[in-house]
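Only one structure is covered here, and it is reproduced in the block below.
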Amino acid sequence: MRSLDSRERESRLLTEECHRLANENHRLKTASGAPRAPALPTGEEPPLPPEVLRLMVAGTDDALWFVEAGRRAAESLTTLLAKHGVALHQLHSILDFGCGCGRVIRHLRHLPAELHGCDSNPVAVEWCADNLPFARFAVNALQSPLDYDANSFDLVCALSVFTHLPERLQAHWMSEMRRVLKPGGLLVVSLHGDALRGKLTRAERADYRAGRLVVRGGDLVGTNHCAAFHPPAFVRSDFALGFEVLEHAPEGATGNPPQDAWLLRKV
């Protein structure tokens with residue numbers, strides 16, 4: 001098993017490479033005056049992001065997994081909402097919070113809703129803006145208000161996002177999710193739950209059983225090396241404040257196995 005120092009160096013090098021690519025891509029586009037990519041022809045699949053982006057947002061550069069896992073995530077989103085009488089195609093505005101390089105939102109392009117995606121990774125956002133013209137994309141800081149008005153969205157999905165945030169950012173971003181959702185708006189999150197208790201140390205399991213959030217690698221915020229584990233009791237008592245829990249589906253986030261899916265409604 002690699003040490004934390006080794007994983008931290010790897011994560012930081014990958015982040016530096018992504019920022020270098022972002023700066024170089026921006027320089028080339030500025031110099032050439034390149035316009036935004038035209039709309040995709042009907043039925044045409046969006047291009048795949050480069051390997052370095054797939055690796056950074058998914059922990060693997062496997063192209064088949066990237067496409068299939070994104071498709072499963074979109075399907076599980078549709079199924080979860082339908083169980084509560086919500087048809088995805090009837091929503092007007094959707095935000096993919098932590099969209100990465102478009103793993104899930106590419107599979108929502110058929111929807112009539114206004115689609116938005118945001119992420120703290122500037123090169124991933126720039127790639128999406130250049131290659132996924134059916135949605136609007138924005139960069140967000142790791143801790144600041146999102147650049148959206150209050151009450152903007154019918155639905156926000158945050159898949160495999162809160163699983164990689166330290167405790168100090170959990171409440172902040174849940175407050176932002178509530179702010180940008182319309183009254184009665186829906187939030188779908190995927191979280192590490194009981195299925196991953198076996199990955200915890202004895203001390204971590206004791207905290208988890210006591211209903212406390214467990215975070216390891218918290219200084220590697222936003223990367224796959226920061227892992228947060230959410231006991232269901234903690235979700236209901238602390239994490240989901242200001243929301244009604246409509247459903248907890250253990251291991252229900254099929255595009256992010258074996259994460260739990262939670263459907264919350266703003267109150």
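May I ask what percent, to the nearest 5, of DSSP beta bridges between residues of the stretch 148-267 are antiparallel?
Within the stretch 148-267, antiparallel bridges account for around 70 percent of the total.
Over 12 Å apart: what share of the alpha carbon pairs of the stretch 183-241 falls there, rounded to a whole percent?
69
When ranked by the protection proxy of mean other Cβ atoms within 10 Å per residue, highest first, what sequence do the peptides 190-196, 147-153, 177-183 form?
Going by the mean number of other Cβ atoms within 10 Å, highest first, we get 190-196, 177-183, 147-153.
Quick one: which residues, 5 or more positions from Gly117 or on another chain, have an amide H under 5 Å from its amide H? H modelled 1.01 Å from N in the peptide plane, none for Pro or chain starts.
Asp96, Arg136, Phe137, Ala138
If every alpha-carbon in the stretch 142-267 counts as one equal scatterer, what log10 I(q)/I(0) does Debye give at q = 0.14, 0.15 1/Å?
Normalising to I(0) and taking log10 leaves -0.57, -0.65.
Which percentage, to the nearest 5, of the DSSP beta bridges contained in the stretch 43-150 is antiparallel?
If we restrict to bridges inside the stretch 43-150, about 0 percent are antiparallel.
Test of understanding: ordering Arg265, Arg236 by Cβ neighbours within 10 Å, fewest first, what list do you get?
Fewest to most other Cβ atoms nearby, the residues stand as Arg236, Arg265.
Give a residue-ordered list of calculated ³J(HN,Hα) values for the stretch 136-146 (Karplus: 6.51 cos²θ - 1.76 cosθ + 1.60, θ = phi - 60°; whole Hz; x for Gly, Pro).
These are the phi-based 3J(HN,Hα) values: 10, 10, 8, 8, 10, 6, 5, 8, 5, x, 5 Hz.
Just rank Arg212, Arg136, Arg168, fewest to most, by other beta-carbon atoms within 10 angstrom.
Ordered from fewest to most neighbouring Cβ atoms within 10 Å, Arg212, Arg136, Arg168 come out as Arg168, Arg136, Arg212.
Just order 89-102, 69-82 by mean Cβ neighbour count inside 10 Å, highest at the front, would you?
Descending mean neighbour count gives 89-102, 69-82.
Multiplying the sequence separation of His84 and Val245 by 0.36 nm and subtracting their Cα-Cα distance, what value in nm do you get?
In short, 56.8 nm is gained.
Sort out for me the Cα centre separation of the stretch 186-203 from the stretch 74-90, rounded to whole Å.
Each part's Cα centre sits 23 Å from the other's.
Given the convex hull over the Cα atoms of the stretch 114-196, what projected area results after averaging over all orientations, in nm²?
Its Cα hull, projected and averaged over all orientations, spans 6.3 nm².
Check which residues have an amide H placed less than 5 Å from Val214's amide H, if you skip close sequence neighbours.
Placed amide hydrogens put Phe229 under 5 Å from Val214.
Which cross-chain or sequence-distant (5 or more) residues have an amide H under 5 Å from the amide H of Phe153, H modelled 1.01 Å from N in plane?
Amide H neighbours of Phe153: Leu181, Lys182.
Taken together, the values in this text are just the output of simple stated rules run on the coordinates, not laboratory data. Nothing here was measured: the structure is a model prediction, and the numbers come from that model. With ideal geometry, Cβ positions are generated from the backbone for all residues, glycine too; neighbour counts draw on all protein chains shown.
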